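Q: The structure is given below, and queries will be raised subsequently.
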Amino acid sequence: MAHCTVPEAEAILDKSFPVLDKGFVRLIDYLGSDDRIVQAARVSYGEGTKSYRKDKGLITYLLRNDHTSPFEQVNITFHIKMPIFVARQWIRHRTARVNEISGRYSVMADESYIPSDENISYQSSDNKQGRSDEPVPSEICEKVKKLIEEDQKRTYAVYQELLDMGIARELARVNLPLSLYTEWYWQMDLHNLFHFLQLRMDMHAQYEIRVFAKTIFEIVKKICPVACEAFEDYRLGGVTFTHGEIEQITAISDTEKCTFTGREKENFLKKLRVIAGKFDR
Ligand SMILES: Cc1cc2nc3c(=O)[nH]c(=O)nc-3n(C[C@H](O)[C@H](O)[C@H](O)COP(=O)(O)OP(=O)(O)OC[C@H]3O[C@@H](n4cnc5c(N)ncnc54)[C@H](O)[C@@H]3O)c2cc1C
């Protein structure tokens with residue numbers, strides 16, 4: 001089988017999935033699918049795909065046991081429009097191939113991100129990188145949005161004035177805000193994409209990148225549903241225990257033997273609750 005075509009993926013090619021107030025994710029192209037992972041893994045035996053059940057079992061086995069290279073045979077290209085502060089986090093994922101709109105070549109559009117009321121939060125008091133759950137009163141939300149919007153308008157007006165003066169685009173742009181939208185073509189193989197998704201769909205990632213990652217995952221599910229199911233089961237839904245935690249699993253019920261500090265015990269019990277939640281489902 002030279003070329004993998006997946007009807008569910010073909011149906012969404014070029015379709016724009018809206019994210020945040022003005023962003024989107026678009027599937028441009030894909031090379032490979034679940035079948036390609038199976039073909040690549042079986043190449044050493046000169047065998048191709050078998051029954052759905054056997055292929056699914058193989059993909060799950062590969063993912064569970066970190067046999068990662070067959071997943072690198074799948075490559076996916078997206079067109080993404082996101083605020084620059086999101087792109088700034090995103091670009092840290094170095095295994096992608098990227099082509100971004102050039103602010104030296106093009107005039108940047110007057111499009112900036114304004115958070116919606118439900119995503120305006122106070123600083124968290126216990127997580128320096130996070131947001132508090134405390135609700136923000138609507139009059140404060142209005143003020144936050146007004147301040148952000150006024151500043152965006154002011155900086156874009158300066159940009160426009162500099163362009164009108166004939167100043168080079170590469171200089172005129174230097175004061176544009178991080179909330180300004182940028183666009184890029186972004187290509188990644190499935191192995192590294194799963195790594196990206198695991199980090200950026202996590203609750204610890206900033207909301208504004210998380211929503212993009214979740215949209216990308218929904219698209220990838222159309223291309224490689226079996227691999228995505230295994231990823232959800234074994235990576236997203238899995239937890240790892242430290243050596244010390246494993247030793248304590250047997251001792252936890254015996255307060256005499258348990259040597260955890262309060263924080264260690266709390267972290268450990270949190271993981272156990274996650275596991276218990278899984279069995280509840
Ligand atoms: C919630 C969260 C908070 C973060 N906070 C910060 C922060 O405060 N400050 C900050 O600077 N960053 C921060 N980051 C970014 C983070 O440190 C990583 O740079 C980012 O997640 C990319 O991860 P990665 O290097 O594993 O991925 P990729 O760059 O996609 O690389 C994948 C893997 O390939 C290997 N690799 C790729 N390129 C190289 C290379 N040149 N050298 C060696 N190995 C390589 C590594 O094994 C790596 O794990 C944060 C990330 C998250 C998810």
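Q: Taking amide hydrogens as modeled 1.01 Å from N in the peptide plane, which residues meet the under 5 Å criterion relative to Ser124, leaving out close sequence neighbours?
A: Gly130, Arg131, Ser132
Q: On to the next question. Nearest 500 deg cm²/dmol is fine: what mean residue ellipticity at 222 nm does the chain get from its DSSP H runs of n ≥ 4 alone, each adding -39,500 (n - 2.57), divided by its residue count? Please list the in-between numbers first.
A: On the way: 12 runs with 131 residues, N = 281.
Calculated from helices alone, the mean residue ellipticity at 222 nm is -14000 deg cm²/dmol.
Q: Probe of 1.4 angstrom, ligands and nucleic acids ignored: what's the accessible area per residue over the range 53-144, in square angstrom?
A: Details: 5860 Å² over 92 residues.
I get 64 Å² per residue for the range 53-144.
Q: Toward the positive end of the charge dipole of the range 57-193, about the Cα centre and with charges on Cβ (Lys, Arg +1; Asp, Glu -1), which of Thr95, Ser124, Ile59 goes farthest?
A: Thr95
Q: Cα centroid distance between the range 116-148 and the range 6-84, in Å?
A: With the range 116-148 and the range 6-84 each reduced to a Cα centre, they are spaced 37 Å.
Q: Compute the normalised compactness of the chain: alpha-carbon radius of gyration over 2.2 N^0.38 Å, N being the residue count. Write down the numbers at each step before the final one.
A: On the way: Rg = 23.2 Å, N = 281, 2.2 N^0.38 = 18.7 Å.
Here the Cα radius of gyration is 1.24 times the empirical estimate.
Q: Let me ask something else about it. Please report the net charge: other residues with Cβ closer than 15 Å to the Cβ of Ile101, K and R +1, D and E -1.
A: Details: positive: Lys22, Arg26, Lys81, Arg88, Arg104, Arg169, Arg173; negative: Glu100, Asp110, Glu111, Glu170, Glu183.
Around Ile101, the charge tally is +2.
Q: A further question follows. So what is the relative contact order of the range 114-178, in percent, for Cα pairs below 8 Å that sit 6 or more residues apart?
A: Details: 42 pairs, mean separation 15.7, N = 65.
Worked out over the range 114-178, it gives 24 percent.
Q: What FRET efficiency, computed as 1/(1 + (r/R0)^6) with R0 = 41 Å and r the Cβ-Cβ distance, is obtained for Lys50 and His195, rounded to the nearest 0.05? Before the final figure, lay out each step's value.
A: On the way: r = 28 Å, r/R0 = 0.68.
Using R0 = 41 Å, I get an efficiency of 0.90.
Q: With θ set to phi - 60° and the Karplus curve 6.51 cos²θ - 1.76 cosθ + 1.60, what are the ³J(HN,Hα) couplings of the range 12-28 in order, to the nearest whole Hz, using x for Gly and Pro?
A: 10, 4, 6, 6, 8, 9, x, 9, 6, 7, 9, x, 7, 10, 10, 7, 8
Q: How large is ³J(HN,Hα) for each residue in the range 53-62, as worked out from phi by the Karplus curve 6.51 cos²θ - 1.76 cosθ + 1.60 (θ = phi - 60°), to whole Hz, x for Gly and Pro?
A: Karplus-based 3J(HN,Hα) across the range 53-62 equals 5, 5, 5, 5, x, 5, 4, 5, 4, 4 Hz.
Q: Continuing with this model, one more query. Using amide H atoms built 1.01 Å from N in the peptide plane, name the residues 5+ places from Asp110, or on other chains, whose amide H lies under 5 Å from its own.
A: none
Q: Return the carbon/sulfur percentage of the accessible area of the chain, one whole number, probe 1.4 Å, all protein chains in place. List each step's numbers first, then the result.
A: Values: 8700 of 16990 Å².
Carbon and sulfur together cover 51 percent of it.
Q: Only bridges with both residues in the chain count here: give the DSSP antiparallel percent, nearest 5.
A: Details: 26 of 27 bridges.
Percent antiparallel among DSSP bridges in the chain is about 95.
Q: May I pose another question? With a 1.4 Å probe and all protein chains kept in place, how much accessible area does Arg26 have, in Å² rounded to the nearest 10?
A: 50
Q: Now for a separate question. With the contact rule set at Cα under 8 Å and sequence spacing of 6 or more, what percent relative contact order holds for the chain?
A: Details: 328 pairs, mean separation 70.1, N = 281.
Worked out over the chain, it gives 25 percent.
Q: Here is a follow-up. Can you list the HN-Hα couplings for the range 202-215, worked out from phi with the Karplus curve (6.51, -1.76, 1.60; θ = phi - 60°), rounded to whole Hz and with x for Gly and Pro?
A: Going residue by residue, I get 5, 4, 7, 6, 5, 3, 5, 8, 4, 5, 5, 4, 5, 5 Hz, with x marking Gly and Pro.
The values are calculated or read from the model by the stated rules, or taken from the named source; none is laboratory data. In this text the structure is predicted, and so the values were computed from the model without any measurement. So basically every Cβ, Gly included, is an ideal-geometry build from the backbone, and we count neighbours across all protein chains shown. Side chains are part of the model used for accessible areas, which takes the heavy atoms of the whole protein and leaves out ligands, DNA and RNA. Shrake-Rupley method; radii C 1.70, N 1.55, O 1.52, S 1.80 Å.
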